[in-house]
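Asker: Here's a structure for you.
No lab work stands behind these numbers, since they all come straight from the coordinates. Every value quoted in this text rests on a predicted model; they were computed, and no experiment measured them. Here Cβ is always computed from backbone atoms with ideal geometry, including for glycine, and neighbour counts include all displayed protein chains.
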Amino acid sequence: MTFISLLVKELRVCMRRERTMWVVIGYVLLMGLVGWFFISRSTLSLSYAGNGLSDTGVVLYTLLVQGQLFLMVFITPALTAATMNGEKEQQTYDMLLCSRLSSFSLVAAKLVAGLLNALLLIAAAIPLFSLVFFFGGISSIQFLRGMLVFIVTALTIGSFGLFCSTIFHRPGISLSVTYMVSMIWVFLPLISLSILNSTSDANSPSLLASSTLPGWLQFSGLVTSGAGQGSLVPQTQIMLMWNPIVALFNTYGSGLALAPYVIRNISFAPWLAYLLLCLLASVIFFLLSMFMAKPNPWGRLPLPRRKQPIPAPATV
């Protein structure tokens, strides 16, 4: 068995399941309902509040990317967190080990198959984002940046879920750990920032607000007041460097106040720094999964052995 044959087998098994079809349908319907409810409410507010169409497009895009990011965080772990130990439960893992598959081919096929399903969900929701371009306020470059954030977020969660499936024997445990770590990764920096803002002074530069973003984001203190541009303190900016929500909002700059990161006179946009960190973490998790995929991984390490003392020659 080769990498291509294992990948084709995984894709056929997944695509022929009835659950895959219903997940895609439910995913698109949920995203569509969010957009439909917002458009139905915005038509009333436009006639009374006089808001511009561009502001409506930005808020609609904000709601759609929030919904897609949260759905990706909830769906991606189920695609990869039970792949390796699931083979062990079905008693087919030994057959894969006895084949010609290397550790790289085995882990890569499982990861690519899971990520292709995640990319299918992202691609299925792209037509819904076309509604944003009718209102304006979002360019195609900003939209492509958001898609890159979705892809690398799915890659990071998928590679971590695959790593959990190699170190835990039961799929339920690996799935629970992946969900728990994903929730901590996404929400813990925002909760920590909101706690810091609640205990800081009223004139602190980290207490920010904006009328163009949702209330939960205003509560977290991630946006500026007034014109919608400002700066966070360096400690807060470092805390939010590897947060997918913050990186996603920085792709189109709607009020977020993260300045570019400068390393050795090289400037990185916040969303670009997030992409680099996610790629680095994905490579680390992938290499660890390769190491743990084969049986008895610790026994294959070239550990230094103690030299046995040479016995003294026997005296006659």
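Asker: Between Ile122 and Leu148, what length in nm is gained on full extension when 0.36 nm per residue of separation is reduced by their alpha carbon distance?
Answerer: 8.3 nm
Asker: Add +1 for every Lys or Arg and -1 for every Asp or Glu among the other residues with Cβ under 13 Å from the Cβ of Glu10, and state the total.
Answerer: On the way: positive: Lys9, Arg12, Arg16, Arg17, Lys110; negative: Glu87.
Within the 13 Å Cβ shell, the charges total +4.
Asker: Suppose the chain between Met15 and Arg170 were pulled fully straight at 0.36 nm per residue; how much longer would it get relative to their current alpha carbon spacing? Intermediate values should be presented prior to the final figure.
Answerer: Values: separation 155, 0.36 × 155 = 55.80 nm, distance 2.38 nm.
Length gained between Met15 and Arg170: 53.4 nm.
Asker: Is any residue of the range 52-68 close enough, with backbone N under 20 Å, to a label point placed 7 angstrom from the Cα of Leu33 along the Cα-Cβ axis, and if so, which?
Answerer: Counting only backbone N, you get 60-68.
Asker: Distance in nm between label sites at Leu287 and Val8, each 7 Å beyond Cα in the beta-carbon direction?
Answerer: Each label point is offset 7 Å from its Cα along the Cβ direction, giving 3.3 nm.
Asker: I need the calculated FRET efficiency for the pair Leu97 and Ile141, taking r as the beta carbon distance and R₀ as 41 Å, to the nearest 0.05.
Answerer: My answer for the efficiency is 0.35.
Asker: Mind giving me the FRET efficiency for Glu89 and Lys294? R0 is 22 Å, r the Cβ-Cβ distance, nearest 0.05 is fine.
Answerer: Once rounded, the FRET efficiency stands at 0.75.
Asker: While we're looking at this one, here's another question. Once phi is turned into ³J(HN,Hα) by the Karplus curve 6.51 cos²θ - 1.76 cosθ + 1.60 with θ = phi - 60°, what whole-Hz value does each residue of the range 6-22 show in order, with x for glycine and proline?
Answerer: 5, 5, 4, 4, 5, 5, 5, 5, 6, 6, 7, 6, 5, 5, 4, 5, 6
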